[in-house]
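Enquirer: Once you've had a glance at the structure underneath, I'll fire off some questions.
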Amino acid sequence: MKKLLVSCLEPSANLHFKEVLKYLENYELKGIFDPKFGNPYMRSEEFSAMGFVEIVPLIFKAKKAIKEMVKLAKECDHVLLIDSPAFNIPLAKAIKEAEIKTKITYYILPQVWAWKPKRVKKVEAYCDNLASILPFDNQFYTRSIYVGHPLLDEINVFKDKDKHCNQIAFLPGSRRSEIKRLMPIFKECAKSIKSKKVLCVPHFYENKVDEIYGDVSEFSVQSGTTEILKNSDFAFICSGTATLESALIGTPFVLCYKAKSIDVFIAKLFVKLNHIGLANIFFDFMGKEQLNDEFIQDEVNARNLLNSYKNYNLDKFITASKELREYLQNGSAKNVANLINT
């Protein structure tokens with residue numbers, strides 16, 4: 001049986017890895033990933049953090065983890081790194097500097113088009129396969145391979161303009177800090193909405209709803225992002241993967257982002273983009289107008305969010321959603337598995 005070293009730090013990375021596993025046979029998994037896939041050296045959740053400030057306490061843990069991961073790489077047939085460049089680039093470097101010949105596939109490349117363009121040289125120096133999920137990555141990387149987008153593996157439901165659900169979704173994020181900042185505003189919005197209101201809760205918080213979200217009597221509490229978005233007419237969503245998921249499903253939404261002031265200040269110094277949501281970034285590169293409203297920091301208030309809800313154009317959104325799916329072409333899991341198997 002072959003051995004695969006996996007570095008999967010984020011919940012979204014584990015979701016994407018789950019799809020890749022469908023096309024891998026006879027592999028024993030080593031490294032960092034969700035325990036549901038096997039017996040990891042470390043669980044992904046041990047690295048859960050958000051923002052520039054909150055990541056600091058994890059630095060020492062990461063350095064120790066990299067040393068152990070290099071040891072594991074020596075006994076593995078392939079290395080798969082998924083996203084998380086702050087950890088995975090130093091890991092790839094450490095593996096190469098240890099003169100380990102095991103091939104490294106980097107899946108979901110660092111977003112050098114947003115910031116830190118110098119990462120291109122590092123990724124290309126330390127990694128053998130550069131598996132891109134963004135059609136425009138090849139404008140920045142010299143040898144990236146577009147493998148498709150993982151959400152097209154995971155989403156097989158698409159709305160049409162004639163479907164009305166009488167349900168509104170609220171997705172305040174998966175990290176406690178996100179939830180704490182957005183829930184008071186989402187609760188205020190909910191008071192002005194007559195349709196059924198569904199609060200999307202990650203499965204790992206299902207038994208901690210009162211502790212994390214407070215009073216949720218205004219909402220129906222459910223898990224399962226795709227199903228909730230499919231059955232909703234509109235969604236209020238914390239910035240993240242769920243915004244792109246909503247765009248691909250065809251559910252209009254407004255993006256909300258509130259973080260520590262220092263994090264936003266630092267981000268503005270380095271990140272040079274017109275938008276923060278992936279769907280709008282895609283449309284920028286496609287040369288088209290933005291898909292959805294985005295509100296950041298103090299702009300995230302009930303008045304702005306409710307205005308977006310009241311003024312969305314469903315026909316226009318559905319048309320744009322189809323254009324986005326055509327742009328991304330296909331899912332990526334099978335193509336990533338092929339890179340590992342060859």
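The values are calculated or read from the model by the stated rules, or taken from the named source; none is laboratory data. This structure is a prediction, so every number in the text was calculated from the model and none was measured. Backbone-built Cβ (ideal geometry, glycine too); neighbour counts: all protein chains shown. The area values use the complete protein model at the heavy-atom level, side chains included, leaving out ligands, DNA and RNA. Shrake-Rupley method; radii C 1.70, N 1.55, O 1.52, S 1.80 Å.
Enquirer: Being open to solvent by 80 Å² or more (accessible area, probe 1.4 Å) and in contact (Cβ under 8 Å) with a residue 12 or more places away in the chain is the filter; apply it to segment 137-159 and report the residue that is nearest to D315 (Cα to Cα). Before the answer, list the steps.
Expert: Initial filter on segment 137-159 (open to solvent by 80 Å² or more (accessible area, probe 1.4 Å)): 138-139, 142-143, 156, 158.
If we keep only those that are in contact (Cβ under 8 Å) with a residue 12 or more places away in the chain as well, we get 139, 142-143, 158.
Values: Q139: 32, T142: 38, R143: 38, F158: 14 Å.
By that ranking, first place goes to F158.
Enquirer: Looking only at segment 187-199, filter to residues that are in a helix (DSSP H, G or I) and touching a residue at least 60 places away in the same chain (Cβ under 8 Å); which one of those is surrounded by the fewest Cβ atoms within 10 Å (Cβ to Cβ)? First the steps, then the outcome.
Expert: Within segment 187-199, the first condition is being in a helix (DSSP H, G or I), and the residues that meet it are 187-190.
Within this subset, residues satisfying the condition of being touching a residue at least 60 places away in the same chain (Cβ under 8 Å) are 188-189.
On the way: E188: 14, C189: 23.
Filtering first and then ranking leaves E188.
Enquirer: Please work out if P117 is farther than 22 Å from L80 by Cβ and without any contact (Cβ under 8 Å) to a residue 24 or more places away in the chain.
Expert: Working: farther than 22 Å from L80 by Cβ: yes; without any contact (Cβ under 8 Å) to a residue 24 or more places away in the chain: yes.
Yes: the conditions hold for P117.
Enquirer: Are there any pairs, at least 6 apart or on different chains, whose C-beta atoms fall under 7 Å, with the first in segment 303-316 and outside any helix (DSSP H, G or I) and the second open to solvent by less than 70 Å² (accessible area, probe 1.4 Å), and if so, which?
Expert: Y312/F234; Y312/P252
Enquirer: Hey, any hits in segment 81-100 for a residue that's among the aliphatic types (A, V, I, L, M) and under 26 Å from Q329 (Cβ atoms)?
Expert: Here is the first cut: in segment 81-100, the ones among the aliphatic types (A, V, I, L, M) are 81-82, 86, 89, 91-92, 94-95, 98, 100.
Now drop any that are not under 26 Å from Q329 (Cβ atoms), which leaves 81-82.
Yes - at least one qualifying residue is present in segment 81-100.
Enquirer: Right, something else. If you check K272, K268, K334, K288, which single one turns out to be of a type in the set (K, R), touching a Phe, Trp or Tyr at 6+ places or on another chain (Cβ under 8 Å), modelled with pLDDT under 95 and closer than 30 Å to S144 by Cα? It would help to see each step written out before you state the result.
Expert: On the way: K268 fails: touching a Phe, Trp or Tyr at 6+ places or on another chain (Cβ under 8 Å); K334 fails: modelled with pLDDT under 95; K288 fails: touching a Phe, Trp or Tyr at 6+ places or on another chain (Cβ under 8 Å).
Within the list K272, K268, K334, K288, the selection yields K272.
Enquirer: Next question, about the same structure. Restricting the search to segment 160-179, which residues are buried (at least 16 other Cβ atoms within 10 Å of the Cβ) and without any contact (Cβ under 8 Å) to a residue 24 or more places away in the chain?
Expert: none
Enquirer: Return yes when V300 is under 23 Å from K191 (Cβ atoms), modelled with pLDDT under 95 and open to solvent by less than 30 Å² (accessible area, probe 1.4 Å) and no when it is not. Give the derivation first.
Expert: Values: under 23 Å from K191 (Cβ atoms): yes; modelled with pLDDT under 95: yes; open to solvent by less than 30 Å² (accessible area, probe 1.4 Å): yes.
Criteria met by V300.
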